[in-house]
Amino acid sequence: MTTDTMLNDKDPLETEEWVEAILSVMESEGVERAQYLLQRLSSKVTATGAQLPYAINTPYRNTIPVNKETRMPGDLFMERGIRSLIRWNAMAMVMRANLDDSSLGGHISSFQSSATLYDIGFNYFFRARNKDHKGDLLYIQGHSAPGIYARSFLEGRLSEDQLDKFRQEVDGDGLSSYPHPWLMPEYWQFPTVSMGLGPLQAIYQAHVMKYLDHRSLSDAGDRKVWCFVGDGEMDEPESQGAIALAGREHLDNLIFVINCNLQRLDGPVRGNGKIIQELEGVFRGAGWNVIKVIWGRMWDPLLEKDKLGLLQQRMDEAIDGEYQNYKSRSGAYTREHFFGKYPELLKLVEDMTDDDIYRLNRGGHDPYKVYAAYAAASKHKGQPTVILAKTVKGYGLGPAGEAQNISHSVKKLDIEALKSFRDRFDIPLPDSELEKIPYYRPAPDSPEMRYLRARREALGGPLPSRNPDFDALKVPDLGSLESVTRGTGEREISTTMAFVRILSSLIKDKQIGKRVVPIVPDEARTFGMEGMFRQLGIYSSVGQLYEPTDAGQVMYYREVTDGQVLEEGINEGGAFAAWLAAATSYTNNDCPLVPFYVFYSMFGFQRVGDLCWAAGDLQARGFLIGATSGRTTLNGEGLQHQDGHSHILAGTVPNCVTYDPTYAYELAVIVQQGLEEMYVKKLPKYYYITVMNENYVQPAMPKGCEEGIIKGLYRLQQNTTKTNKKAVQLLGSGTILREVIAAAEILKTEFGVDADVWSATSFNELRREGLSTARWNMLHPEEKPKLSYVEQCLGKTKGPVIAATDYVKSYADQIREFIPADYTVLGTDGFGRSDSRERLRHFFEVDRYFVTVAALSALVKDNVLPPGVVSEAIKKFNINPEKPDPAVS
Ligand SMILES: Cc1ncc(C[n+]2csc(CCOP(=O)(O)OP(=O)(O)O)c2C)c(N)n1
Ligand SMILES: [Mg+2]
């Protein structure tokens with residue numbers, strides 16, 4: 001590393017000559033020639049083994065030089081006035097929400113730091129959806145929601161009453177705390193407040209937008225995805241985890257605006273370093289166009305005078321903890337501690353007052369600088385752009401919260417702080433009114449309000465805005481899946497294979513075939529889906545620039561620009577985000593899609609649960625296929641692969657419908673019904689279905705079972721009679737249903753017990769229906785109680801009920817309260833382990849022998865059989881009664 005610095009240059013003349021030389025090349029022959037020369041230099045120097053200084057960062061200054069800034073065309077003063085009103089109303093709505101009940105919460109400081117960043121976007125860049133344009137998509141920082149509402153209020157879209165219902169949603173007409181489409185489906189486009197999900201979703205949104213364009217399904221045109229992110233939020237692995245995809249795929253329809261206010265919730269983001277520089281390196285390394293907006297125009301004259309580069313050096317040296325102090329303290333402090341380090345810099349500001357120094361603004365608060373950055377980002381081709389905008393957290397709050405470590409949690413200003421906020425932003429409210437913290441909205445025909453509306457009209461209408469409706473699809477009926485529902489005869493296949501057949505059939509469908517989006521995270525071969533590689537092609541924005549090694553084979557790895565398969569690599573979060581974008585394409589692109597995301601069920605809800613939750617909020621419509629599911633069915637893989645609980649996790653998402661089918665025909669019925677529900681009836685729900693890799697004969701569909709399959713339970717075999725008192729009801733799901741069927745046979749032949757067998761396709765759905773019925777009964781005490789579906793099925797049957805699944809016991813246990821008999825549940829609690837299916841099912845006590853023992857034991861409890869029968873069975877089946885409990889071993 002060089003020991004030279006600006007103040008200690010061993011040979012300034014030589015330095016000057018080098019600099020002059022490269023500048024003159026740039027001037028006479030252009031930037032590209034200069035870049036080439038530097039590359040050659042770098043190549044020569046590194047060939048000697050010498051290291052060049054780490055060069056992914058540029059100095060701590062604006063990327064766009066003053067003379068290259070595109071000038072903001074509008075009325076700066078008018079816009080400042082409007083922005084000030086937005087600031088005031090945003091602050092007022094949070095304070096008013098907390099007047100009577102301070103537990104409601106809300107945030108002031110985040111939006112105050114980003115007000116200009118949003119304003120420039122709303123005034124000049126964000127286009128709304130209308131008949132001429134599909135609109136831009138906005139991912140808004142969750143904690144800035146009050147500022148977005150405040151703008152809508154000025155635009156006349158929200159009333160004072162609505163603002164006063166901030167965070168009071170129980171009656172249904174309040175304003176959500178953060179961007180949540182669930183209760184505000186015509187307003188918010190994307191849930192973002194779980195930090196990291198916004199940036200991840202935005203990247204895949206832009207990716208899927210290009211995919212649709214390449215497949216001629218929806219024109220991307222010049223649409224943009226704008227994603228606003230906090231600098232603290234960039235710590236989330238989800239925020240940074242997919243940026244390389246954006247670079248690789250040249251997503252120039254994507255713009256990140258990172259609000260670098262240098263603070264997060266507890267304190268500085270990088271007190272000992274510089275977050276902007278860190279992020280610059282990370283994004284540039286990932287192939288992004290990086291635009292730093294660090295200094296506001298008040299600094300321009302000083303930088304102009306800084307011929308030696310010493311001011312720049314000081315800016316490079318100071319760290320974020322110090323920059324925070326410059327804004328949390330005063331101009332005098334900044335003079336002493338920032339400029340004071342070098343006498344030359346003190347001289348540079350000798351004519352400035354302390355107030356002038358305090359007013360030296362940051363780029364993210366300067367409309368001109370922000371405009372120039374947005375203009376450059378919007379025009380940039382071939383790369384995504386990230387704008388790193390330096391701001392002040394709690395801007396304008398003064399000692400009450402400006403750049404203080406407590407800024408994030410400020411919810412109230414005292415009267416003195418309110419006065420100075422009002423004065424700083426020239427809000428025309430007298431002292432006497434401040435205590436009530438009134439909203440302020442000029443008359444609709446005032447110049448400000450006309451200006452505001454005109455800006456949005458020029459951009460196509462108001463934002464945020466979301467259209468929850470779409471044109472229903474024509475979906476195929478069950479008859480079209482006859483090849484699946486008629487069974488496989490002698491052939492043994494898995495439900496995964498059956499699923500692939502269903503998918504292939506849907507893809508061939510004239511109406512919806514093109515809209516089907518198969519998504520895999522590098523597991524297509526595991527699931528037997530590799531045939532789709534050639535048949536449908538794997539989407540790549542550049543096609544295939546090489547000859548695949550398997551080119552001569554039938555199922556070769558075919559990448560193509562209009563490929564239908566999204567192969568997202570070993571990246572469940574990303575693949576899920578791609579599914580989310582496809583599953584919400586009905587609203588974001590006016591183009592309903594039918595996405596199927598197929599993954600190892602263990603790496604689904606457990607891995608990306610927060611995104612699954614967001615999918616509910618987003619009213620995503622599509623299918624999640626949890627493959628290789630079941631604790632004992634994926635036998636050889638051990639505890640990190642064998643899933644025995646994803647149904648429990650999936651069941652926590654209110655609008656996620658889940659199924660654990662055993663047979664191909666059940667799967668066909670569920671998928672077809674899902675299409676009807678989501679795309680014809682347009683119900684806001686999505687499907688999670690587990691499929692397995694165990695091969696067995698798939699029987700033909702029995703008559704009349706469709707309704708039961710959908711409701712979650714139907715009788716597969718009726719064996720009980722009026723005469724035999726030794727009777728049980730056996731329930732099973734997934735492949736364990738087959739153990740249950742075998743147990744029924746053993747019970748009959750070896751113990752003289754009759755057993756009805758029920759296929760329980762969804763204990764989650766049974767529970768939901770049961771709870772809903774119980775609730776109705778409780779609230780309608782005088783009316784004839786309704787029977788839950790489980791009671792309707794089992795109420796008139798004989799004997800105790802036994803359920804067995806490949807999932808933890810709590811899965812089947814969920815319906816206990818609706819079962820009008822003794823109920824025993826077998827399940828696979830505990831960590832998985834690798835072994836054969838047979839041995840695992842014995843270990844986890846869900847095989848046919850344990851089902852038999854459980855049934856006999858239940859009959860003992862009912863005094864139908866003596867205990868000795870159970871002992872006899874235990875002995876006969878070689879079960880060690882002292883074997884360790886799998887739940888804890
Ligand atoms: C996943 C997740 N973890 C934690 C939080 C809680 N949280 C809300 S805001 C915040 C700090 C945000 O800081 P930053 O991203 O810098 O945004 P700023 O408000 O400074 O603009 C935290 C930790 C959250 N919302 N989501
Ligand atoms: Mg921050």
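The table for this structure:
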| quantity | calculated |
| --- | --- |
| Candidate set: region 694-711, residues that are out of contact with any helix residue (DSSP H, G or I) (no Cβ under 6 Å at 6 or more places or on another chain) and acidic (Asp, Glu); chosen: the one nearest to THR526 (Cα to Cα) | GLU694 |
| Restricting region 99-113 to residues that are over 27 Å from LYS379 (Cβ atoms) and buried (at least 17 other Cβ atoms within 10 Å of the Cβ), the residue that is nearest to ligand 1 (Cβ to nearest atom) | SER110 |
| Odd one out for LEU794, checked against (1) among the aliphatic types (A, V, I, L, M); (2) more than 25 Å from GLY651 (Cα to Cα); (3) over 39 Å from the mean Cα position of the chain (by Cα) | (2) |
| Residues located in region 61-80, provided they are surrounded by 15 or more Cβ atoms within 10 Å (Cβ to Cβ) and either touching a strand residue (DSSP E or B) at 6+ places or on another chain (Cβ under 8 Å) or without any contact (Cβ under 8 Å) to a residue 60 or more places away in the chain (or both) | ARG61, ASN62, THR63, ILE64 |
| Residue within region 223-236 that is more than 16 Å from ligand 1 (Cβ to nearest atom), in contact (Cβ under 8 Å) with a residue 12 or more places away in the chain and not charged (D, E, K, R) present | yes |
| Filter result (of a type in the set (Lys, Arg) and touching a residue at least 60 places away in the same chain (Cβ under 8 Å)) within region 779-808 | LYS798 |
| Region 129-153, subset in a loop (DSSP other than H, G, I, E, B) and within 16 Å of ligand 1 (Cβ to nearest atom), residue nearest to VAL225 (Cα to Cα) | ILE140 |
| Residue in region 278-291 that is among the basic types (Lys, Arg) and within 16 Å of ligand 2 (Cβ to nearest atom) present | no |
| Meets criteria (hydroxyl-bearing (Ser, Thr, Tyr) and out of contact with any helix residue (DSSP H, G or I) (no Cβ under 7 Å at 6 or more places or on another chain)) for TYR556 | no |
| Unmet requirement for LEU840, which otherwise passes all of (1) hydrophobic (A, V, I, L, M, F, W, C); (2) more than 22 Å from ILE746 (Cα to Cα); (3) buried (at least 20 other Cβ atoms within 10 Å of the Cβ) | (2) |
| Out of ALA755, ALA742, ALA700, sole residue that is of a type in the set (A, V, I, L, M), touching a residue at least 24 places away in the same chain (Cβ under 8 Å) and under 19 Å from ALA821 (Cα atoms) | ALA755 |
| Residue count for region 795-811, restricted to those that are closer than 19 Å to LEU856 by Cα and crowded, with 24+ Cβ neighbours inside 10 Å | 6 |
| Filtered residue count, region 383-408, keeping only those that are farther than 23 Å from LYS369 by Cβ, of a type in the set (A, V, I, L, M, F, W, C) and either within 15 Å of ligand 2 (Cβ to nearest atom) or at pLDDT 90 or above (or both) | 1 |
| Residue in region 361-399 that is nearest to ligand 1 (Cβ to nearest atom), counting only those that are touching a residue at least 60 places away in the same chain (Cβ under 8 Å), farther than 20 Å from VAL225 by Cα and small (Gly, Ala, Ser) | GLY394 |
| Selected residue (criterion: farthest from ARG839 (Cα to Cα)) from residues of region 627-657 that are in contact with a Gly (Cβ under 6 Å, 6 or more places away or on another chain) and surrounded by 24 or more Cβ atoms within 10 Å (Cβ to Cβ) | SER646 |
| Members of region 314-367 found to be within 34 Å of the chain's Cα centre (by Cα), among the small types (Gly, Ala, Ser) and closer than 19 Å to LEU303 by Cβ, listed by number | GLY363, GLY364 |
| Long-range neighbours under 7 Å by Cβ, at least six apart or interchain, first residue closer than 17 Å to TYR60 by Cβ within region 317-343, second part of a loop (DSSP other than H, G, I, E, B) and acidic (Asp, Glu) | LYS327/GLU402 |
| Selected residue (only one of GLY569, GLY573 is small (Gly, Ala, Ser) and either outside any helix (DSSP H, G or I) or out of contact with any helix residue (DSSP H, G or I) (no Cβ under 6 Å at 6 or more places or on another chain) (or both)) | GLY569 |
| Pick from region 440-488, criterion assigned to a helix (DSSP H, G or I) and of a type in the set (Ser, Thr, Tyr), ranking: surrounded by the fewest Cβ atoms within 10 Å (Cβ to Cβ) | SER483 |
| Number of positions in region 241-271 that are in a loop (DSSP other than H, G, I, E, B), surrounded by fewer than 19 Cβ atoms within 10 Å (Cβ to Cβ) and more than 16 Å from ligand 2 (Cβ to nearest atom) | 2 |
| Identity of the residue in region 687-714, out of contact with any His (no Cβ under 9 Å at 6 or more places or on another chain) and assigned to a strand (DSSP E or B), that ends up nearest to SER836 (Cα to Cα) | TYR696 |
| Pairs where the first residue, in region 421-443, is within 17 Å of ARG96 (Cα to Cα) and the second is acidic (Asp, Glu), C-beta under 6 Å, 6+ apart | TYR439/GLU160 |
| Cβ-Cβ under 8 Å pairs, at least 6 apart or on other chains, region 858-883 side over 17 Å from LYS726 (Cβ atoms), far side in a loop (DSSP other than H, G, I, E, B) and modelled with pLDDT of 95 or more | ILE874/PRO881 |
| Where ILE874 falls short, out of the listed (1) touching a Leu at 6+ places or on another chain (Cβ under 7 Å); (2) within 30 Å of GLU637 (Cα to Cα); (3) of a type in the set (A, V, I, L, M, F, W, C) | (1) |
| Any pair with Cβ under 9 angstrom, 6 or more apart, that starts in region 579-596 at a residue that is surrounded by fewer than 24 Cβ atoms within 10 Å (Cβ to Cβ) and ends at one that is among the polar types (S, T, N, Q) and assigned to a helix (DSSP H, G or I) | CYS591/SER585; PRO592/SER585 |
| Qualifying residue in region 516-532 (condition: charged (D, E, K, R), part of a helix (DSSP H, G or I), out of contact with any Leu (no Cβ under 8 Å at 6 or more places or on another chain) and closer than 21 Å to TRP579 by Cα) | no |
| Flag if TYR395 is under 30 Å from GLN240 (Cα atoms) and part of a helix (DSSP H, G or I) | no |
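For (1) under 26 Å from the mean Cα position of the chain (by Cα); (2) modelled with pLDDT under 95; (3) more than 16 Å from ligand 1 (Cβ to nearest atom); (4) on the phi > 0 side of the Ramachandran plot, each residue gets a yes or a no:
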{"residue": "THR58", "(1), (2), (3), (4)": "no, yes, yes, no"}
{"residue": "ARG61", "(1), (2), (3), (4)": "no, no, yes, no"}
{"residue": "GLU69", "(1), (2), (3), (4)": "no, no, yes, no"}
{"residue": "MET72", "(1), (2), (3), (4)": "no, no, yes, no"}
{"residue": "LEU76", "(1), (2), (3), (4)": "no, no, yes, no"}
{"residue": "MET93", "(1), (2), (3), (4)": "no, no, yes, no"}
{"residue": "ARG127", "(1), (2), (3), (4)": "yes, no, yes, no"}
{"residue": "GLN162", "(1), (2), (3), (4)": "no, no, yes, no"}
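The values are calculated or read from the model by the stated rules, or taken from the named source; none is laboratory data. Since this is a predicted model, take the numbers as computed values, not measurements. Cβ: placed from backbone, ideal geometry, glycine included. Neighbour counts: every protein chain shown.
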